[in-house]
Amino acid sequence: MASVDRWQLPDGIEEVLPAQAAAVERLRRSLLDLYRSWGYQLVIPPLVEFTDSLLVGLGRDLDLLTFKMIDQLSGRTLGVRADITPQVARIDAHSLAEPGVTRLCYAGSTLHTRPQSLLASRSPLQLGAELYGDGSLAADVEIIRLMLATLDGVGLRQISLDLGHVGVYEAVLAAADLDDALQETVFDALQRKSVPDLRAVLAEVEPATAELIIALASLHGDINVLDEARELLAERVPDALAAVDALQDVAADILRQRPDLDMYFDLAELRGYHYHTGIVFAAYAPGHGQALANGGRYNDVGAVFGRARPATGFATDLKALLSLLPDEPAPRGAISMPDSDDPALYQVVLELRAGGETVINSLSGDPDPRCDRRLVERDGQWRVLALDN
């Protein structure tokens, strides 16, 4: 193996160097402070867990994304988390088990066995917020507003909000009464919104039922899509109308505070279908094909931990957000200090650092390249002077 290959990182795995790392940390801190101001408490789940709890009841998608290994102490299978949300659900249900509404937030590294899209990282820095114990649409609205406030805090103003509800698809499929194998094939084609594939897989299904399922693929667009959905579903699938009404109500609440927000509705949005149970949403920015943040309702995931709870939340990738931000001005330079054990110098350095300055010990006698000032003793006092003085 060539020496240059020895130091290569795996595809989709990135290191974050000093300037970018400082920007990521500032962003992380400001957003966690934002969540705290809304009442969300920080939790720090572990990087690895037994797969028994990390993946239980969450569908095959997350299972396929998760790196697994054998724990040398217990002999059980461990997983490196690919998504922090299930861990936070476990904390709510099992570790905290508090009554009433619980609001939690988090930020940490995740790892994926493969990228979720062509340009996606396999090591996202996931940040998000979860609300447990309230099944109302008001909870969904709060989480969506917090997601939008997150993007506001990053300085992203031109945002498109996509809304969907898995209840529409569930009601249509229940009315169609397809066998499990056919449901999986329909699900795959509908995710891709491939009408030709849908027609092919539904060729043997009763025509009216097939056309109803195929029509789901075209139910996306502005808010007028909701009226089209009511007209399509009212007679054949009345059970789907509650989901359509929920979308209308959530949209109205969001638009009351943000009347200029661009909204898009997709009634066949099935991202995370095996995970979500109600409203689903995502935020996009112009010129950026991947969602900047997404989430939805995922009731009762905590049941596997002994406590079923209504739940809704969202997540984003800090590294993806950072890539959209304008370059920041170069930070203020540092102060060089001589390598001395003078107590008076030590006290001055403590005060400067407490005031936010960077003070770097000049071990070799030469100042660090970042320094534009230096500490010099004049008349028995340590003073900060320009480097060339």
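The values are calculated or read from the model by the stated rules, or taken from the named source; none is laboratory data. All values reported here derive from a predicted model rather than from experimental measurement. Glycine gets a Cβ as well: all are built from the backbone with ideal geometry, and neighbour counts include every protein chain shown.
Restricting region 219-263 to residues that are free of Cβ contacts under 8 Å to residues at least 60 places away in the same chain and acidic (Asp, Glu), the residue that is nearest to residue 172 (Cα to Cα) is 235. For the condition assigned to a helix (DSSP H, G or I) and more than 25 Å from the chain's Cα centre (by Cα), residue 231 qualifies. Taking residue 168, is it among the aliphatic types (A, V, I, L, M), in a helix (DSSP H, G or I) and in contact with a strand residue (DSSP E or B) (Cβ under 7 Å, 6 or more places away or on another chain)? Spelling it out, it is not the case that residue 168 is among the aliphatic types (A, V, I, L, M), in a helix (DSSP H, G or I) and in contact with a strand residue (DSSP E or B) (Cβ under 7 Å, 6 or more places away or on another chain). Residues in region 250-268 that are in a helix (DSSP H, G or I), surrounded by 14 or more Cβ atoms within 10 Å (Cβ to Cβ) and of a type outside the set (A, V, I, L, M, F, W, C): 253 alone.
The rows are residues; the columns are (1) crowded, with 20+ Cβ neighbours inside 10 Å; (2) of a type in the set (Asp, Glu); (3) free of Cβ contacts under 8 Å to residues at least 60 places away in the same chain; (4) touching an Asp or Glu at 6+ places or on another chain (Cβ under 6 Å).
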site	(1), (2), (3), (4)
103	yes, no, no, no
106	yes, no, no, no
110	yes, no, yes, no
131	yes, no, no, no
161	yes, no, no, no
182	no, no, yes, no
188	no, yes, yes, no
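For residue 218, the conditions (1) out of contact with any Asp or Glu (no Cβ under 6 Å at 6 or more places or on another chain); (2) assigned to a helix (DSSP H, G or I) are fulfilled apart from (2).
Scanning region 133-151 for residues that are of a type in the set (A, V, I, L, M) and either out of contact with any Asp or Glu (no Cβ under 6 Å at 6 or more places or on another chain) or not assigned by TED's automatic domain parsing to the domain that holds residue 302 (or both) yields 138, 139, 143, 144, 146, 147, 148, 149, 151. If you go through region 352-369 and pick out every residue that is closer than 19 Å to residue 331 by Cα and either in contact with a helix residue (DSSP H, G or I) (Cβ under 6 Å, 6 or more places away or on another chain) or of a type outside the set (Gly, Ala, Ser) (or both), you end up with 10. Pairs meeting the criteria (first residue in region 331-358 and under 16 Å from residue 386 (Cβ atoms) and among the basic types (Lys, Arg), second residue outside any helix (DSSP H, G or I) and modelled with pLDDT under 95, beta carbons under 6 Å, at least 6 apart or on different chains) are lacking.
Taking region 49-146 and the strands (runs of 3 or more DSSP E) fully enclosed by it, the elements with 3 or more residues that are of a type outside the set (A, V, I, L, M, F, W, C) and within 26 Å of residue 31 (Cα to Cα) are at 102-109, 125-132. Out of 275, 284, 264, one residue alone is touching a His at 6+ places or on another chain (Cβ under 9 Å) and among the hydroxyl-bearing types (Ser, Thr, Tyr). It is 264. Restricting region 269-317 to residues that are of a type in the set (Phe, Trp, Tyr) and under 16 Å from residue 149 (Cα atoms) leaves a set whose member that is surrounded by the fewest Cβ atoms within 10 Å (Cβ to Cβ) is 284.
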